[in-house]
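Step one of this worksheet: look at the structure below.
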There are 2 protein chains.
Amino acid sequence: MLARGKGIAVWRQVSEILEAGMADGTWGRGARLPTEAELALRFGVNRHTVRQALRDLADRGLVRAQQGSGTFVERAPLTYPIGPRTRFSDIVVAQAREPSGLLLAETAEPASPLVAEALRLRPGEPVIRLETTRHADGVPISWAVSAFPAERFPDMAAVYRETGSFTAAFRAAGVADYVRAETRIGARIADALDAERLEIAIGRPVIEIDCVNSDLEGRPIQWARARFAGDRVRVTVG
Amino acid sequence: MLARGKGIAVWRQVSEILEAGMADGTWGRGARLPTEAELALRFGVNRHTVRQALRDLADRGLVRAQQGSGTFVERAPLTYPIGPRTRFSDIVVAQAREPSGLLLAETAEPASPLVAEALRLRPGEPVIRLETTRHADGVPISWAVSAFPAERFPDMAAVYRETGSFTAAFRAAGVADYVRAETRIGARIADALDAERLEIAIGRPVIEIDCVNSDLEGRPIQWARARFAGDRVRVTVG
DNA sequence: TATAATCGTCTAGAACTATATACAACTCAT
DNA sequence: ATGAGTTGTATATAGTTCTAGACGATTATA
């Protein structure tokens, strides 16, 4: 059950198993985990080791221990459904968590062949490029690079800087609604940049999602490549 | 770059970073890795720690060290492209590796609502259910549960037992070609069953892929849920 | 052949992880 | 109020990991 000698501390493995139990619904928000003594017996480890694992979970805000009472689930990993209208803030709020984000970088630059194709532009046409991160309750969930046709959305960066919302920025540019035209999902291993932006260890699993959003006339308005912390998110399709 | 105090040994992190470098093409098969001294300098660790990482890679068959010469890539993680025709054996052979697999279990049983829907059957209609694992060069890559309409493929288990190939089994049942009708990709954490079948530690990343294959008339012929060892596979879409 | 480069092995000490035992402090049920 | 259950803290020991330094063995190059 627990691997030893493989370079992953036993406490870490216990911590991850418990976290998986929260993600798969075994223990929902507010649920009481088994006692330390019980977990120690189950995992066949010393109670101190279990405490270390629980401490890790507590440090990450996933559980809260109450002396004499037990350890309770504060929040489970985020379920991130991909559908026609995928709106980060709505998803996070719907799970009683507070969304926030950061604009890391903004440039106006010529579209690369990949971006040009996705946005149905000629390579070299100007696009607005934004790098952003997304948090739930202050915990990094994803970071992304997005590209927008510069001609149609010249103020994208300014509005996003102000509002922190793509939906708001699109609305300000006259796009009242938009839908997901295309999604590609892959599994990656966190590199140094992921590690920094998502506050995870290099080598941890990362879900990479490439997508194109279109307005209701079918014109592409956004290409994005997002990388999610695989330990913090469960992606569902449909 | 390297996280300390997070329960993942430094050597393990170095090992995983090097493995990622092999996966993303930085070092292809046969390529010579940087020297131990160089890697120690780069990672800011003791050479002994680097040696531990390389030892791990060698133990897993990914590299081969030659004294006085260097350390060379034996093989990189498997790149697993998902497309209209996704055939495990072809993918593995194309990467100069030897595919193999095991039939773990076979039953004829009534279709669950999920399977029935995917195969356009009524719940309770009989399906052939197979549990299989897939290996490359003897290393477990994935395990899967598949379901087939029993009426159309009554001999699926027997033929698969003989040939170890779904493609061959379909052909024997008169389906000369089939395509991927639907794919759902998620990231999971390895549970006890994954750990056993994939020979990985519980808690390691697992890529879960639910799919439906159809014949060329669009009739669903197979539902499958596969779980890939995230450390051994890179999934690409398209 | 000699030299430089590189992996392999060895010894030693410090830091981290895991186990064991015990007691304190708090919560909850009776 | 009392007792049982549970988390919190402390001390000690053993095992593992990481660092450091040195030398041996093999390979590659001039």
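The values are calculated or read from the model by the stated rules, or taken from the named source; none is laboratory data. What you see is a predicted model; the values in this text were computed from it and never measured. Note: ideal-geometry Cβ built from the backbone for every residue, glycine included; neighbour counts use all protein chains shown. Side chains are part of the model used for accessible areas, which takes the heavy atoms of the whole protein and leaves out ligands, DNA and RNA. Shrake-Rupley method; radii C 1.70, N 1.55, O 1.52, S 1.80 Å.
Out of the residues in region B:40-50 that are crowded, with 18+ Cβ neighbours inside 10 Å and within 11 Å of DNA strand C (Cβ to nearest atom), which is farthest from residue A:5 (Cα to Cα)?
If we take residues in region B:40-50 being crowded, with 18+ Cβ neighbours inside 10 Å and within 11 Å of DNA strand C (Cβ to nearest atom), then B:40 is farthest from residue A:5 (Cα to Cα).
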Would you tally the residues in region B:13-37 being charged (D, E, K, R) and surrounded by 20 or more Cβ atoms within 10 Å (Cβ to Cβ)?
-> 2
Any chance residue B:192 is surrounded by 18 or more Cβ atoms within 10 Å (Cβ to Cβ), closer than 30 Å to residue A:43 by Cα and within 14 Å of chain A (Cβ to nearest Cβ) | no
Note down all Cβ pairs under 7 Å where the first residue falls in region B:180-196 and is over 27 Å from residue A:3 (Cα atoms), the second is at pLDDT below 70, and they're at least six residues apart or on different chains.
-> B:184/A:237
Is it true that some residue in region A:175-193 is assigned by TED's automatic domain parsing to the domain that holds residue A:99 and part of a helix (DSSP H, G or I)?
-> yes
Every residue from region A:58-106 that is under 30 Å from residue A:155 (Cβ atoms) and among the acidic types (Asp, Glu) = A:90, A:98, A:106
Scan B:85, B:75 and give me the residue that is within 30 Å of residue B:50 (Cβ to Cβ), more than 14 Å from chain A (Cβ to nearest Cβ) and away from DNA strand C (no atom under 16 Å from the Cβ).
-> B:75
Within region A:73-102, count every residue that is within 21 Å of residue A:175 (Cα to Cα) and not basic (Lys, Arg).
-> 8
Kindly provide the set of residues from region B:150-163 that are open to solvent by 40 Å² or more (accessible area, probe 1.4 Å) and assigned to a loop (DSSP other than H, G, I, E, B), ordered by number.
-> B:151, B:152, B:154, B:155
Kindly establish whether residue A:172 is over 22 Å from residue A:197 (Cα atoms), open to solvent by 60 Å² or more (accessible area, probe 1.4 Å) and touching an Asp or Glu at 6+ places or on another chain (Cβ under 8 Å).
-> yes
Determine if region A:124-140 includes at least one residue that is aliphatic (A, V, I, L, M) and open to solvent by 20 Å² or more (accessible area, probe 1.4 Å).
-> yes
Can you name every residue in region B:63-104 that is touching a residue at least 60 places away in the same chain (Cβ under 8 Å), open to solvent by less than 30 Å² (accessible area, probe 1.4 Å) and not hydrophobic (A, V, I, L, M, F, W, C)?
-> B:77, B:80, B:83, B:86
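Can you work out which of the residues in region B:1-58 that are basic (Lys, Arg) and in contact with a Gly (Cβ under 7 Å, 6 or more places away or on another chain) is nearest to the other protein chains (Cβ to nearest Cβ)?
Only one residue fits best here, namely B:12.
Name the strands (runs of 3 or more DSSP E) wholly within region A:1-109 that hold at least 3 residues that are within 16 Å of DNA strand D (Cβ to nearest atom) and over 21 Å from the mean Cα position of the chain (by Cα)?
Working: elements: A:63-66, A:70-73, A:78-82.
Answer list for region A:1-109: A:63-66, A:70-73.
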Screening A:35, A:49, A:26 for residues that are among the polar types (S, T, N, Q) and free of Cβ contacts under 8 Å to residues at least 12 places away in the same chain leaves only A:26
Among the residues of region B:51-62, which ones are near DNA strand C (Cβ under 7 Å from one of its atoms) and open to solvent by 50 Å² or more (accessible area, probe 1.4 Å)?
-> B:51
Of all residues in region B:56-79, count the ones that are over 26 Å from residue B:207 (Cα atoms) and in contact with a Ser or Thr (Cβ under 9 Å, 6 or more places away or on another chain).
-> 4
Mind listing whichever residues of region A:115-144 are touching a residue at least 12 places away in the same chain (Cβ under 8 Å) and assigned to a helix (DSSP H, G or I)?
-> A:115, A:118
Residue match in region A:27-34 (condition: within 28 Å of residue A:95 (Cα to Cα) and within 12 Å of DNA strand C (Cβ to nearest atom)) | yes
